[in-house]
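Asker: What follows is a structure written as structure tokens; I'll ask about it next.
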There are 2 protein chains.
Amino acid sequence: MSYELVVIGTVHSSIKDWKNAPKMEDEPGAVQARIEIDPAYVDGLDEMRIGQQLELFTWFHKADRDVLSVHPRGDINRPRRGVFSTRSPFRPNPIGLHRVKLIAFDGPTTLIVDSLEAIDGTPVIDIKPNPKEIS
Amino acid sequence: MSYELVVIGTVHSSIKDWKNAPKMEDEPGAVQARIEIDPAYVDGLDEMRIGQQLELFTWFHKADRDVLSVHPRGDINRPRRGVFSTRSPFRPNPIGLHRVKLIAFDGPTTLIVDSLEAIDGTPVIDIKPNPKEIS
């Protein structure tokens, strides 16, 4: 059983290689990034506010989807753990979830976010407001 | 551009109709639920612990994916807002994100979680530990 996921946008970042990327958006090495949304989805951005905390959903398109256990943080000295007990990008559906702050718009469909670890070219699949900030 | 999302499990819940479902997992009406994971993915659950806070990712298979703006919380007295400024299930990729607590296992691949608003039969697409609890 499967569903089709559509790509709604792309990450533009100075981080080009996932081997050098930090593991989480709040770790050293995460950088300000541009999120370019496909203009077809511009109406979905209506009422998004600068300063808002967002949950950015990406698709780790370079991840191995056939792996079910990993060494936490890629450290081979640590015993393997099931992927659902980790936030490894290696998993059946390599969804990335990043907590970011919207710091500016650059035109109607490009968002500038404060701190992101996803590499340049990562597909974007959804954006939601932080549940603590919705009204 | 699109990717194929695989279903890794299914929600079993006493909530049968989304029209009566609460909007969020911390709202009145959310119920204890069973998450049945496909046995093919059992190794992915290794090291998951009872009491752990999880992020459960679902696919709102009944949602309208062609909608880009909605009345917040379905209240037609409120002005429409872009779907990426809401947590509506209506969106291009109807991913549900639910913060739940694992309260028990029922066999190796069925998880009992404390409080969930997703309806019976909702496909499960990923599980991650709460980022504040990972080690």
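The values are calculated or read from the model by the stated rules, or taken from the named source; none is laboratory data. Bear in mind that the values here come from a model prediction, so they are computed numbers and not experimental data. Here the Cβ is made from the backbone with ideal geometry for all residues, glycine too, and neighbour counts use every protein chain on show.
Asker: Condition (residue is over 22 Å from residue A:126 (Cβ atoms), in contact (Cβ under 8 Å) with a residue 40 or more places away in the chain, part of a loop (DSSP other than H, G, I, E, B) and within 9 Å of chain A (Cβ to nearest Cβ)) applied to the range B:52-65: is it met by at least one residue?
Answerer: First pass over the range B:52-65, keeping only residues over 22 Å from residue A:126 (Cβ atoms): B:52.
Subset that is in contact (Cβ under 8 Å) with a residue 40 or more places away in the chain: B:52.
Filter again for part of a loop (DSSP other than H, G, I, E, B), leaving B:52.
When the remaining residues are screened for being within 9 Å of chain A (Cβ to nearest Cβ), the result is B:52.
Yes; the residues of the range B:52-65 include at least one that is over 22 Å from residue A:126 (Cβ atoms), in contact (Cβ under 8 Å) with a residue 40 or more places away in the chain, part of a loop (DSSP other than H, G, I, E, B) and within 9 Å of chain A (Cβ to nearest Cβ).
Asker: Filter the range A:18-48 down to the residues that are touching a helix residue (DSSP H, G or I) at 6+ places or on another chain (Cβ under 8 Å) and charged (D, E, K, R) and list them by number.
Answerer: Result: A:23, A:46, A:47.
Asker: Let me ask something else about it. Name the single residue that is farthest from the chain's Cα centre (by Cα) among those in the range B:1-24 being at the interface with chain A (Cβ under 9 Å from one of its Cβ atoms) and of a type outside the set (Val, Ile, Thr).
Answerer: B:1
Asker: So, residue A:89, is that one surrounded by 21 or more Cβ atoms within 10 Å (Cβ to Cβ) and either over 21 Å from residue A:119 (Cβ atoms) or in contact with a Phe, Trp or Tyr (Cβ under 6 Å, 6 or more places away or on another chain) (or both) or not? Before you say what the answer is, go through the steps one by one.
Answerer: Working: surrounded by 21 or more Cβ atoms within 10 Å (Cβ to Cβ): yes; either over 21 Å from residue A:119 (Cβ atoms) or in contact with a Phe, Trp or Tyr (Cβ under 6 Å, 6 or more places away or on another chain) (or both): yes.
The answer is yes for residue A:89.
Asker: Can you name the condition, by its number, that residue A:84 falls short on among (1) outside any strand (DSSP E or B); (2) touching a helix residue (DSSP H, G or I) at 6+ places or on another chain (Cβ under 8 Å); (3) touching a residue at least 12 places away in the same chain (Cβ under 8 Å)?
Answerer: Exception for residue A:84: condition (3).
Yes/no per residue for (1) within 22 Å of residue B:1 (Cβ to Cβ); (2) of a type in the set (Lys, Arg):
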residue: A:14; (1), (2): no, no
residue: A:25; (1), (2): no, no
residue: A:38; (1), (2): yes, no
residue: A:54; (1), (2): yes, no
residue: A:57; (1), (2): yes, no
residue: A:69; (1), (2): no, no
residue: A:81; (1), (2): no, yes
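Asker: Here are some conditions: (1) facing chain B (nearest Cβ under 7 Å); (2) more than 19 Å from residue A:30 (Cβ to Cβ); (3) in contact with a Ser or Thr (Cβ under 9 Å, 6 or more places away or on another chain). Residue A:91 meets all but one. Which one does it not meet?
Answerer: Only one criterion is unmet by residue A:91, namely (3).
Asker: Right, another one. In the range B:8-36, how many are within 24 Å of residue A:66 (Cβ to Cβ), of a type outside the set (Ser, Thr, Tyr) and out of contact with any Phe, Trp or Tyr (no Cβ under 8 Å at 6 or more places or on another chain)?
Answerer: 2
Asker: Next up: Just wondering, is there one or more residues in the range A:28-40 that are part of a helix (DSSP H, G or I), out of contact with any strand residue (DSSP E or B) (no Cβ under 7 Å at 6 or more places or on another chain), under 21 Å from residue B:91 (Cβ atoms) and facing chain B (nearest Cβ under 8 Å)?
Answerer: No: zero hits.
Asker: Taking only the range A:67-81 into account, find how many residues are in contact (Cβ under 8 Å) with a residue 12 or more places away in the chain and either facing another protein chain (nearest Cβ under 7 Å) or farther than 16 Å from residue A:22 by Cα (or both).
Answerer: Within the range A:67-81, residues that are in contact (Cβ under 8 Å) with a residue 12 or more places away in the chain and either facing another protein chain (nearest Cβ under 7 Å) or farther than 16 Å from residue A:22 by Cα (or both) number 5.
Asker: Next question. When you look at residue A:21, is it more than 22 Å from residue B:87 (Cβ to Cβ), in contact (Cβ under 8 Å) with a residue 60 or more places away in the chain, buried (at least 16 other Cβ atoms within 10 Å of the Cβ) and among the aliphatic types (A, V, I, L, M), yes or no? Spell out how you get there, then give the answer.
Answerer: On the way: more than 22 Å from residue B:87 (Cβ to Cβ): yes; in contact (Cβ under 8 Å) with a residue 60 or more places away in the chain: yes; buried (at least 16 other Cβ atoms within 10 Å of the Cβ): yes; among the aliphatic types (A, V, I, L, M): yes.
Here the answer is yes, as residue A:21 does meet what is asked.
Asker: Which number in (1) buried (at least 19 other Cβ atoms within 10 Å of the Cβ); (2) farther than 16 Å from residue A:127 by Cα marks the one condition that residue B:83 misses?
Answerer: Against the list (1) buried (at least 19 other Cβ atoms within 10 Å of the Cβ); (2) farther than 16 Å from residue A:127 by Cα, residue B:83 comes up short only on (2).
Residues checked against (1) out of contact with any Gly (no Cβ under 7 Å at 6 or more places or on another chain); (2) in a strand (DSSP E or B); (3) of a type in the set (D, E, K, R); (4) modelled with pLDDT of 95 or more:
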| residue | (1), (2), (3), (4) |
| --- | --- |
| B:104 | yes, yes, no, yes |
| B:108 | yes, no, no, yes |
| B:115 | yes, yes, no, no |
| B:120 | yes, no, yes, yes |
| B:124 | no, yes, no, yes |
| B:127 | yes, yes, no, yes |
| B:134 | yes, no, no, no |
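Asker: Considering the range A:26-63 alone, what residues qualify as being acidic (Asp, Glu) and crowded, with 20+ Cβ neighbours inside 10 Å? Even if it seems obvious, please write down each step before you answer.
Answerer: If we filter the range A:26-63 for residues that are acidic (Asp, Glu), which is where we start, we get A:26-27, A:36, A:38, A:43, A:46-47, A:55.
Matches in the range A:26-63: none.
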